[in-house]
Amino acid sequence: MTAPVRPNNLEAFWMPFTANRQFKQNPRMLVGAKDMYYTSADGRQILDGTAGLWCVNAGHGRAKIVEAVSAQVAELDYAPAFQMGHPKAFELAARLAGMMPSPLDHVFFTNSGSESVDTALKIALAYHRARGKGSKFRLLGRERGYHGVGFGGISVGGISGNRKTFGTLLTGVDHIRHTHDLERNAFTRGEPEYGAEFADDLEKVIALHDASNIAALIVEPVAGSTGVLLPPKGYLKRLREICDKHDILLIFDEVITGFGRLGTPFAVDYFDVVPDMVCTAKGITSGVVPMGAVFASKKIYDTFMDAPENTIELFHGYTYSAHPVACAAALATLDIYAEEGLLTRAAELSDYWADALHSLKGLPHVIDIRNLGLIGAIELEPIAGSPTKRAFSIFLKAFESNLMIRTTGDIIALSPPLIIEKTHIDQIFETLGRLLKQAD
Ligand code: PLP
């Protein structure tokens, strides 16, 4: 029996981050996916310009991952990771640690980006306490940062829509300014020239709260969900220096930049800045099975290992941490990345990508275009009194034109699977060019 492609009742599913009523009136239903394309319920091939939600880095329907997952379900479907282990968890952790620069030698498994962020924040607090610096309890984030939807993540996150209704648990944090500076950097190709001095904001916040009260700063090396905000040249290095000076941990949220998005395995490599922890998820399994991983430095791990043996060093973990099926999917995904050179493929394509993207300069309402690796953003002038409407209407029209894009505010964000070919890039920007010319 084949499942109906269009269920009759759409009411029960309360859809996440979705205009539910708008969607349910005119659903955009996906029923299949292969390589660069989704299949829609009405039988169209939709080009995936966003790797799902920035996660399907190896492209859709990869046989190797499908086989690894099905074999794993048959062999060992589930095993606890509390006081137990299974070999693939250790194999995967060692392999991942080997991909990161030293001293990011240890890996804590989670199931999502949000969980990775909350895990890293908790490790930061517990780390300082373990070394007798329990007063370092404050966590710092950045305006317009997105760190998932857990209470930790929305606290350090800097998107008001994600914070405004969630009350008192968000206290104890502060934020530095975001780095988006259209006046000086509009239409820059790659890293913006101006704005390294935004990092000095951190000194101001430290002066306000005192370093003895601050545990960690978390930033996305490239902010994605808030509309692709790129770090100005020298900015991340400066953050690293200031954190070192004040004994504050630096956490990179690489949930979208991890696993090849910038043309290097991680943003850590691209910017040549080594933080104390790195949060990852999404591309770790190419989106096939939920999984996340937090990389922690040797210094942090060793501090916890000072506790007496036989004690649990960190009171944290998930039923599905290092789930065997997720581990199998991740190992197969890493094989594909290595065999096909996907973690550096964005570097080979980034000039072609940038040329095609920046060719949209001058089209109606386009006020900025930004790119790095295989990330692109087109910022539109909002319709007066109706922010988000212009970009969202392009999103709807793109879907009708067989192209999947994402929008946030009035920014179109693009992040295709890393298997993309030049013909697909042409298709993305021809479609967008046509739609922008017609935009209201
Ligand atoms: N952190 C960043 C930088 C993200 O972009 C996201 C998701 O887009 C998250 C965290 C949250 O990940 P998840 O939706 O898997 O919880």
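The values are calculated or read from the model by the stated rules, or taken from the named source; none is laboratory data. Predicted model, so just to flag it, every value in this text is computed and none were measured. Cβ sites come from the backbone with ideal geometry, for glycine too, and all protein chains shown count toward neighbours.
Before moving on, here are some points about what is shown:
- Test: residue in segment 175-190 that is loosely packed, with under 14 Cβ neighbours inside 10 Å and farther than 17 Å from E379 by Cα: no
- Of the residues in segment 395-407, not one is without any contact (Cβ under 8 Å) to a residue 24 or more places away in the chain, among the polar types (S, T, N, Q), surrounded by fewer than 19 Cβ atoms within 10 Å (Cβ to Cβ) and within 19 Å of G49 (Cα to Cα).
- Scanning segment 110-141 for residues that are buried (at least 20 other Cβ atoms within 10 Å of the Cβ), of a type in the set (D, E, K, R) and either under 21 Å from A199 (Cα atoms) or away from the ligand (no atom under 16 Å from the Cβ) (or both) yields K136, R138.
- Within segment 301-330, the residues that satisfy the criterion of being in a loop (DSSP other than H, G, I, E, B) and surrounded by 24 or more Cβ atoms within 10 Å (Cβ to Cβ) are A322, H323.
- Which numbered condition V56 misses (of (1) away from the ligand (no atom under 16 Å from the Cβ); (2) not in a strand (DSSP E or B)): (1)
- Residue check for A346: in contact (Cβ under 8 Å) with a residue 12 or more places away in the chain and touching a strand residue (DSSP E or B) at 6+ places or on another chain (Cβ under 6 Å): no
Residue-wise test of (1) assigned by TED's automatic domain parsing to the domain that holds L262; (2) closer than 28 Å to L374 by Cβ; (3) loosely packed, with under 14 Cβ neighbours inside 10 Å; (4) in contact with a helix residue (DSSP H, G or I) (Cβ under 8 Å, 6 or more places away or on another chain).
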site: P7; (1), (2), (3), (4): no, no, yes, no
site: L10; (1), (2), (3), (4): no, no, no, yes
site: Q25; (1), (2), (3), (4): no, no, yes, no
site: R28; (1), (2), (3), (4): no, yes, no, yes
site: Y37; (1), (2), (3), (4): no, yes, no, no
site: D42; (1), (2), (3), (4): no, no, yes, no
site: I46; (1), (2), (3), (4): no, yes, no, yes
site: G49; (1), (2), (3), (4): no, yes, no, yes
site: L76; (1), (2), (3), (4): yes, no, no, yes
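- Within segment 204-233, no residue that is over 18 Å from D253 (Cα atoms) and of a type in the set (D, E) sits with its Cβ atom under 7 Å from a residue that is within 16 Å of the ligand (Cβ to nearest atom) and assigned to a strand (DSSP E or B) at 6+ positions apart or across chains.
- G376 being surrounded by fewer than 17 Cβ atoms within 10 Å (Cβ to Cβ) and of a type outside the set (A, V, I, L, M): no
- Within the option set V294, V278, being among the hydrophobic types (A, V, I, L, M, F, W, C) and out of contact with any helix residue (DSSP H, G or I) (no Cβ under 6 Å at 6 or more places or on another chain) holds for one residue only, V278.
- Scanning segment 142-161 for residues that are part of a helix (DSSP H, G or I) and more than 8 Å from the ligand (Cβ to nearest atom) yields F151, G152, I154, S155, V156, S160, G161.
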